[in-house]
1. Mind listing whichever residues of the stretch 56-66 are open to solvent by 30 Å² or more (accessible area, probe 1.4 Å), without any contact (Cβ under 8 Å) to a residue 24 or more places away in the chain and not acidic (Asp, Glu)?
2. Report, ordered by the first and then the second residue, all pairs with beta carbons closer than 9 Å, sequence separation of six or more or different chains, a first member in the stretch 4-17 that is small (Gly, Ala, Ser), and a second member that is open to solvent by 30 Å² or more (accessible area, probe 1.4 Å) and not in a strand (DSSP E or B).
3. State all residues of the stretch 8-39 that are within 14 Å of residue 110 (Cβ to Cβ) and loosely packed, with under 15 Cβ neighbours inside 10 Å; if no residue qualifies, say none.
4. I'd like the full set of residues that are among the β-branched types (Val, Ile, Thr) and surrounded by 14 or more Cβ atoms within 10 Å (Cβ to Cβ), limited to the stretch 40-55.
5. Can you name every residue in the stretch 11-43 that is under 14 Å from the mean Cα position of the chain (by Cα), closer than 14 Å to residue 92 by Cα and in a loop (DSSP other than H, G, I, E, B)?
6. Looking at the stretch 67-78, is at least one residue open to solvent by 20 Å² or more (accessible area, probe 1.4 Å), more than 12 Å from the chain's Cα centre (by Cα), without any contact (Cβ under 8 Å) to a residue 40 or more places away in the chain and closer than 17 Å to residue 7 by Cβ?
7. Collect the residues in the stretch 82-115 that are in contact with a helix residue (DSSP H, G or I) (Cβ under 9 Å, 6 or more places away or on another chain), open to solvent by less than 80 Å² (accessible area, probe 1.4 Å) and of a type in the set (Gly, Ala, Ser), keeping them in residue-number order.
Amino acid sequence: QVQLVESGGGLVQTGGSLRLSCAASRNIFIINTMGWFRQPPGKQREMVASITPGGSTNYADSVKGRFTISRDNAKNTVYLQMNSLTPEDTAVYYCNTKRLQYGYWGQGTQVTVSS
């Protein structure tokens, strides 16, 4: 069974910070590279960060140096610390496995950055 539950979004001013959390079912979390994705209004979904089970990370150029992905394997949770937010970061944020092999998305969490 696949479970992905995102939380932590909200409304923040430009330059502010948010920390997103995603609780995943253990059967998929423990063996998979996990990613954070986002879908801005009217645009396609894109991956912004990923982290392997061993903790190696990768970032999209648009968020490099501002966002930090981490995971707690004991809690089956992946986090996204977002700093120096801009209106261009406004989107619904989702977590999932990097490979997207389960054909399932959670409800996402809305992040809105005001100018």
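The values are calculated or read from the model by the stated rules, or taken from the named source; none is laboratory data. What you are looking at is a predicted structure, and each value in this text was computed from that prediction instead of being measured. Neighbour counts are summed over all protein chains in view; Cβ atoms, including those assigned to glycine, are modelled from backbone coordinates with ideal geometry. Surface accessibility is based on the protein's heavy atoms, side chains included, excluding ligands, DNA and RNA. Shrake-Rupley method; radii C 1.70, N 1.55, O 1.52, S 1.80 Å.
1. Step one: filter the stretch 56-66 for residues open to solvent by 30 Å² or more (accessible area, probe 1.4 Å), giving 56-59, 61-62, 64-66.
If we keep only those that are without any contact (Cβ under 8 Å) to a residue 24 or more places away in the chain as well, we get 56-59, 61, 64-66.
Passing the criteria: 56, 57, 58, 59, 64, 65, 66.
2. Short answer, once both residue conditions are applied: 15/83; 15/84; 15/86; 16/83; 16/84; 17/83; 17/84.
3. Scanning the stretch 8-39 gives 10, 11.
4. Of all residues in the stretch 40-55, those among the β-branched types (Val, Ile, Thr) come to 48, 51-52.
Answer for the stretch 40-55, where residues must be among the β-branched types (Val, Ile, Thr) and surrounded by 14 or more Cβ atoms within 10 Å (Cβ to Cβ): 48, 51.
5. Across the stretch 11-43, the qualifying residue is only 40.
6. So in the stretch 67-78, the residues open to solvent by 20 Å² or more (accessible area, probe 1.4 Å) come out as 68, 70-76.
Within this subset, residues satisfying the condition of being more than 12 Å from the chain's Cα centre (by Cα) are 72-76.
Pick out the ones that are also without any contact (Cβ under 8 Å) to a residue 40 or more places away in the chain and you get 72, 74.
This time we only want the ones that are closer than 17 Å to residue 7 by Cβ, so: 72.
Looking through the stretch 67-78, at least one residue is open to solvent by 20 Å² or more (accessible area, probe 1.4 Å), more than 12 Å from the chain's Cα centre (by Cα), without any contact (Cβ under 8 Å) to a residue 40 or more places away in the chain and closer than 17 Å to residue 7 by Cβ.
7. 114
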